[in-house]
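Each value in this text was obtained by applying a stated rule to the coordinates, not by laboratory testing. Since we're looking at a predicted model, the values are computed, not measured.
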């Protein structure tokens with residue numbers, strides 16, 4: 001195995017020392033219990049009912065906006081389909097008119 005030029009034994013020793021398992025202080029558990037007891041005794045702020053109403057209003061406004069955008073998009077799609085159908089109908093009528101003119105011309109030629 002070739003030695004790694006970036007390997008620093010001093011750095012590794014320092015890292016091992018810093019990451020070595022250590023015993024917690026003896027007063028850690030009582031300190032945590034005291035903090036929990038103090039937190040449970042402190043009064044909690046009253047719930048803000050207006051915040052719920054504001055959130056509900058925001059959701060309703062958002063739902064209405066999304067609904068309006070969706071309805072507008074659906075209307076645009078219907079208009080596009082109607083335009084495409086009108087173009088197809090116009091094309092079909094032109095073809096039918098051309099066929100009818102050919103038939104009339106043959107009938108006219110046959111009658112002469």
Legend entry - Among [x] 85, 38, 8; [y] 20, 17, 12; [z] 18, 15, 15, the entry derived from the coordinates for semi-axes √(5λ) of the Cα gyration tensor in Å: [x]
Legend entry - Residue with peak Gaussian network fluctuation, the chain [Cα springs, cutoff 10 Å], from 64, 11, 28: 11
Legend entry - Between helix 28-41 and the chain: long-axis angle, C-alpha atoms, 0 to 90°, nearest 10: 60
Inset, instruction - Give me the angle, in degrees from 0 to 90, between the Cα long axis of helix 9-18 and the longest principal axis of the Cα atoms of the chain, rounded to the nearest 10. - result: 80
Legend entry - Gaussian network model of the chain, springs between alpha carbon atoms under 10 Å - residue of 71, 41, 21 with greatest fluctuation: 21
Legend entry - Mean residue ellipticity (222 nm) of the chain, computed from DSSP H runs ≥ 4 via -39,500 (n - 2.57), nearest 500: -28000 deg cm²/dmol
Inset, instruction - May I ask for the angle, rounded to the nearest 10°, between helix 49-111 and the longest principal axis of the chain, with both axes built from Cα atoms and the value confined to 0 to 90°? - result: 20
